[in-house]
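A.B. asks: Have a look at the structure that comes next, please.
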Number of protein chains: 2
Amino acid sequence: MSMQAEIAALAGEVKKASRVLATTGTAEKNRALRLMAAGLRQQRPFLQAENKRDLEAAAANGLPPAMIDRLTLSDQVIEAMAGGLEEVAAFPDPVGEVVKMWRRPNDLLVGKMRIPLGVIGMIYESRPNVTADAAGLCLKAGNGVILRGGSEAIHSNLAVMKVLHEALAQTAVPAAVVQVVPYTDRQAITEMLKLEEDIDLIIPRGGEGLIRFVVENSRIPVIKHYKGVCHVFVDEDADFAMAEKIVINAKTQRPGVCNALETLLVHRQAAPAFLPPMVAALQRAGVEVRGCEQSRGLVPGLTAATEEDWHAEYLSLVLAVRVVAGLDQAIDHINTYGSDHTEAIITRDYQRAQEFLRRVNSSVVMVNASTRFSDGGQMGLGAEIGISTTKLHAYGPMGLEGLTTTKFIIYGSGQVRD
Amino acid sequence: MSMQAEIAALAGEVKKASRVLATTGTAEKNRALRLMAAGLRQQRPFLQAENKRDLEAAAANGLPPAMIDRLTLSDQVIEAMAGGLEEVAAFPDPVGEVVKMWRRPNDLLVGKMRIPLGVIGMIYESRPNVTADAAGLCLKAGNGVILRGGSEAIHSNLAVMKVLHEALAQTAVPAAVVQVVPYTDRQAITEMLKLEEDIDLIIPRGGEGLIRFVVENSRIPVIKHYKGVCHVFVDEDADFAMAEKIVINAKTQRPGVCNALETLLVHRQAAPAFLPPMVAALQRAGVEVRGCEQSRGLVPGLTAATEEDWHAEYLSLVLAVRVVAGLDQAIDHINTYGSDHTEAIITRDYQRAQEFLRRVNSSVVMVNASTRFSDGGQMGLGAEIGISTTKLHAYGPMGLEGLTTTKFIIYGSGQVRD
């Protein structure tokens, strides 16, 4: 069988199995998740032996230490995978919820019921723990999943899948709901992205290059985010102490993640009193600050920010700062340079707080809180399979509910149309 | 400017204008819709003069009468366009609705607020009334829209746009929220489908060939349905009189539309008593019935249904009939041959009604009602911009709410992350 035919057959199997899973009861899905967790713990020696093959190849290929670290199935990583599956088992099942229902003049009762999306295609790099995490979330939401990880993790991914399949074999959930594509070249991705009859949604996770490749080649809708250029706007009426605490947290608590702060916007009325001590506090925390002309007038010695800085997702201890004329200019800046990820306003003014929430259409918009809360777990969505800045059914952190859609249901009593 | 650059510039303008529209108040949007309606009525002579250019070209090119009929902007069609815009003005505005809100243990208040999708790309054929209908629905939901109609309707589409622009010029809504692509070759579609930065969603309306072309070439998510192979399953416990009335309505009330019945499934316990009079009633209504082997045993003289018939969307007075062993086989048949559009069960049995609703994941699933109710207007969604069998934020008939998504909003009081 050609690679193309083999991948198509795999996706067809997943689709068939997903139909059984879609109507499997919550208790049985949870039992499956707990057996999967137990299997990962029990099969740790096997997982680590297979992982070792990937690690040896990685060392031979001279992969950087950070990548080797992400690739390693340590005791802790395996325990986290197992614990994650048990957590997902404890979440409420989104499938079958009737989100609303209304009566028509002819007495038809029309409603919307939450259902699985069907089959999810995950395309990702390095981390083999994604294999178990994604499988668990997809399974709980009633979806089949076809996983295409990177070549550097192929033995680990196949080993994880084998353990999950052994666990599923003890349940009413068909093992084929989780499949790993055994091919790791780009052509395998291209083939997968053509299978619009069998795969409902593609979620790529990785570098911008991988994600752009997926978007350009997919016939299937793709949920993705390229980057997180998050903004905090400090309004003229902000509580400056609160603003400083939030800016430091948003920039420094974990600078390498997508919900970290990248550009600080400061109201020009607030700037003279707020900006000098704020910059000093940032510099004490090791942050390099790059400022617009007005900020450099207020805080001498700052590096000049260029157009490039407004677009930058630094993912490190660098921050761009711009003084703006007010709310309108702040929103214009966000619309021009933002990435639809997360923005916050710091203010004591009721009207401007509401206006910012209403007018900024990024996927997460907040008042008086750190952008670091833009996270499925922190927001109470349960877990998170990814973050979407694609404006579809899931926009923002995507948890179990983001892995479902709704169908219409209609209760009639013999109605026909005139 | 090259065609490519011109289409990209047009989409950029629509995106910019859509940002203003996204925060325009409901009253002003409704005033714009009413002025658009008034403009269409007042400019009827201009619209019909431009339409005549398309009609003359159509006649010269020998277009079939049905197509010329769809192309004609008669007095009635123009009045329907105007009336449609006034109806949309009367619908509730979906934008800004907070669909839920919950409190986190750290007192963050997290919610989901309905927002416009942004910019919609419509790709369609012949009917110039779609230009006004789509513009109205997109405007009400706060979206910009870039419209690419067929070459046969280009003068009519540009004329409608001109009238809408003149109306919008009297309002706070930027006229650029509605734009018609002035190029009608396929290359113009291909260029449009690359503009993922400026267009959020593509809705193609037309033949399967056009839709497949769009899916294969789009970097932007596409909401579509290829066809409607709708099923009615008559259960052993059905009220036969009700079942007969519903089958006749679903098949014959308007056979050329996507929610018309195409395959009738009959429980084998019901078949001997139900099928012969049902087929007789269908034949009296002018329907050609094609049956499986079992049905032909019960009703001699039926044409034999082949594998092709189970896949067929006849869109005419032909019906495929199959006797099935029960609910499981009916659902298997629907999963194998269905199009995720609309399916109904006719039964008096409580348990099987609920099971059918739960287990069939087509976009509309009904009990004891005609499939012809699968329609945005009939279901109370207001109007309908299309029907989606793509499992995304809109699955099934797509009205104003289907033209929106939700962002997360967070009310904090200075929270930072540990």
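Only the coordinates and a few stated rules stand behind these numbers; no lab work does. What you see is a predicted model, and the numbers here were worked out from it, not measured in a lab. Using ideal geometry, Cβ is built from the backbone for each residue, glycine included, and neighbour counts are taken over all protein chains shown.
A.B. asks: With a 10 Å Cβ neighbour count serving as the proxy for reagent exposure, in which order, fewest first, do B:Cys138, A:Cys292 appear? The partial results should precede the final answer.
C.D. replies: Details: B:Cys138 28, A:Cys292 20.
Ordered by Cβ neighbours within 10 Å, fewest first: A:Cys292, B:Cys138.
A.B. asks: Using alpha carbon centroids, what distance separates the stretch A:140-163 and the stretch A:378-414, in Å?
C.D. replies: Value for the Cα centre distance between the two parts: 23 Å.
A.B. asks: Something else: Using the 10 angstrom Cβ neighbour count as an exposure proxy, how do A:Phe46, B:Phe356, B:Phe408 rank, fewest first? Can you show the working numbers first?
C.D. replies: Details: A:Phe46 14, B:Phe356 25, B:Phe408 21.
Ranked by crowding around the Cβ, least crowded first: A:Phe46, B:Phe408, B:Phe356.
A.B. asks: Among A:Gly301, A:Gly84, A:Gly256, determine the one that fluctuates most according to a GNM of chain A built with springs between C-alpha atoms less than 10 Å apart.
C.D. replies: Result for chain A, Cα springs under 10 Å: A:Gly301 fluctuates most.
A.B. asks: For chain A, count the residues as N, evaluate 2.2 N^0.38 Å, and divide the Cα radius of gyration by that value, please. Intermediate values should be presented prior to the final figure.
C.D. replies: On the way: Rg = 24.1 Å, N = 418, 2.2 N^0.38 = 21.8 Å.
Normalised Rg, Cα atoms only: 1.11.
A.B. asks: Using the structure shown, select from A:Lys194/A:Lys407; A:Lys391/B:Lys391; A:Lys391/B:Lys100; A:Lys112/B:Lys112; A:Lys15/A:Lys407 the pairs with a Cα to Cα distance greater than 23 angstrom. Walk me through the numbers before you get to the answer.
C.D. replies: Values: A:Lys194/A:Lys407 25 Å; A:Lys391/B:Lys391 14 Å; A:Lys391/B:Lys100 18 Å; A:Lys112/B:Lys112 18 Å; A:Lys15/A:Lys407 18 Å.
Table pairs above 23 Å Cα-Cα are A:Lys194/A:Lys407.
A.B. asks: OK, next. Note the angle between two axes, namely the Cα long axis of helix B:75-90 and the longest principal axis of the Cα atoms of chain B, as a number of degrees from 0 to 90, rounded to the nearest 10.
C.D. replies: 80
A.B. asks: Which of the GluC sites (Glu not before Pro) found in the stretch A:165-267 are in a DSSP loop and have at most 15 neighbouring Cβ atoms, other than their own, within 10 Å? Present the calculation step by step, with values, prior to reporting the outcome.
C.D. replies: Numbers: sites: A:Glu166, A:Glu191, A:Glu196, A:Glu197, A:Glu208, A:Glu216, A:Glu236, A:Glu244, A:Glu262; in loops: A:Glu196, A:Glu197, A:Glu236.
Answer in residue order: A:Glu197.
A.B. asks: Could you run the Debye sum over the Cα atoms of the stretch A:1-114, one equal point scatterer each and no solvent, and tell me log10 of I(q)/I(0) at q = 0.11 Å⁻¹, two decimals?
C.D. replies: -0.66
A.B. asks: Straight-line reach from A:Lys251: which lysines have Cα under 22 Å away, leaving out those fewer than 8 places along the same chain?
C.D. replies: Within the straight-line limit of under 22 Å, A:Lys251 reaches these lysines: A:Lys227.
A.B. asks: How much net charge surrounds A:Ala280 when only other residues with a Cβ under 15 Å from its Cβ are counted (Lys, Arg +1; Asp, Glu -1)?
C.D. replies: Numbers: positive: A:Lys245, A:Lys251, A:Arg284, A:Arg296; negative: A:Glu244, A:Glu288.
Charge balance in the 15 Å sphere: +2.
A.B. asks: Averaged across the residues of B:332-343, what count of C-beta atoms belonging to other chains lies within 10 Å of each residue's C-beta?
C.D. replies: Numbers: counts 1, 0, 0, 3, 0, 0, 0, 0, 2, 0, 2, 0.
Counting Cβ atoms of other protein chains within 10 Å of each residue's Cβ and averaging gives 1.
A.B. asks: I would also like to ask the following. Per DSSP H run of n ≥ 4, the term is -39500 (n - 2.57); total these for the protein assembly as shown, divide by its residue number, and report the mean residue ellipticity at 222 nm rounded to 500 deg cm²/dmol.
C.D. replies: Values: 31 runs with 364 residues, N = 836.
Computed ellipticity for the protein assembly as shown at 222 nm equals -13500 deg cm²/dmol.
A.B. asks: Between the helical axis of B:271-284 and the dominant principal axis of chain B, each derived from Cα atoms, what acute angle in degrees is found, rounded to the nearest 10?
C.D. replies: Here the helix axis deviates by roughly 60 degrees.
A.B. asks: Calculate how steeply helix B:44-60 sits against the longest principal axis of the alpha-carbon atoms of chain B, using the helix alpha-carbon long axis, and give the answer as 0 to 90 degrees to the nearest 10.
C.D. replies: 60
A.B. asks: Name the trypsin sites (Lys or Arg not before Pro) in the stretch B:324-370 that are in a loop by DSSP and that have at most 15 other C-beta atoms within 10 Å, would you? Please list the in-between numbers first.
C.D. replies: Details: sites: B:Arg348, B:Arg352, B:Arg358, B:Arg359; in loops: B:Arg348.
Taking the stretch B:324-370 and a limit of 15 other Cβ atoms within 10 Å, the loop trypsin sites (Lys or Arg not before Pro) found are B:Arg348.
A.B. asks: Now, a different point. Could you give the semi-axes, largest first, of the ellipsoid that matches the stretch A:215-302, computed as the square roots of 5 times the alpha carbon gyration tensor eigenvalues and rounded to whole Å?
C.D. replies: Details: eigenvalues 187, 38, 35 Å².
With the √(5λ) rule applied to the stretch A:215-302, the semi-axes are 31, 14, 13 Å.
A.B. asks: In vacuo Debye scattering of the stretch B:279-346, one point per C-alpha: log10 I(q)/I(0) at q = 0.13, 0.16, 0.20, 0.23 Å⁻¹?
C.D. replies: -0.38, -0.58, -0.92, -1.18
A.B. asks: Give me the inter-chain shielding for A:282-289: mean count of other chain Cβ atoms within 10 Å, whole number please. List each step's numbers first, then the result.
C.D. replies: Details: counts 0, 0, 0, 0, 0, 0, 0, 0.
Partner Cβ neighbours, averaged per residue: 0.
A.B. asks: What's the extension gain from B:Lys52 to B:Glu87 if we count 0.36 nm per residue and subtract their Cα-Cα distance?
C.D. replies: On the way: separation 35, 0.36 × 35 = 12.60 nm, distance 2.75 nm.
Taking 0.36 nm per residue and subtracting the Cα distance, the gain is 9.8 nm.
A.B. asks: Test of understanding: express the Cα radius of gyration of the stretch B:230-378 as a ratio to 2.2 N^0.38 Å, with N the residue count. Provide the component values of the computation, followed by the final result.
C.D. replies: Numbers: Rg = 13.5 Å, N = 149, 2.2 N^0.38 = 14.7 Å.
Normalised Cα radius of gyration, the stretch B:230-378: 0.92.
A.B. asks: State the Cα centre-to-centre distance between the stretch B:322-366 and the stretch A:1-72 in whole Å.
C.D. replies: 34
A.B. asks: Here is a follow-up. Counting just the Cα atoms, what span does the protein assembly as shown cover along each of its three principal axes? Round to the nearest Å and put the largest first.
C.D. replies: Largest first, the protein assembly as shown extends 92, 75, 46 Å along its Cα principal axes.
A.B. asks: Return the whole-Å distance between the Cα centroid of the stretch A:83-134 and the Cα centroid of the stretch B:218-278.
C.D. replies: 28
A.B. asks: May I ask you to give the average projected area over all directions of the convex hull of the Cα atoms of the stretch A:183-234, in nm² rounded to one decimal?
C.D. replies: On the way: hull surface 17.7 nm².
Answer in nm², one decimal: 4.4.
A.B. asks: Shifting gears a bit: Per residue of A:227-233, count partner chain C-beta atoms within 10 Å of its C-beta, then hand back the mean as an integer. Before the final figure, lay out each step's value.
C.D. replies: Numbers: counts 0, 0, 0, 0, 0, 0, 0.
Mean number of neighbouring Cβ atoms from other chains: 0.
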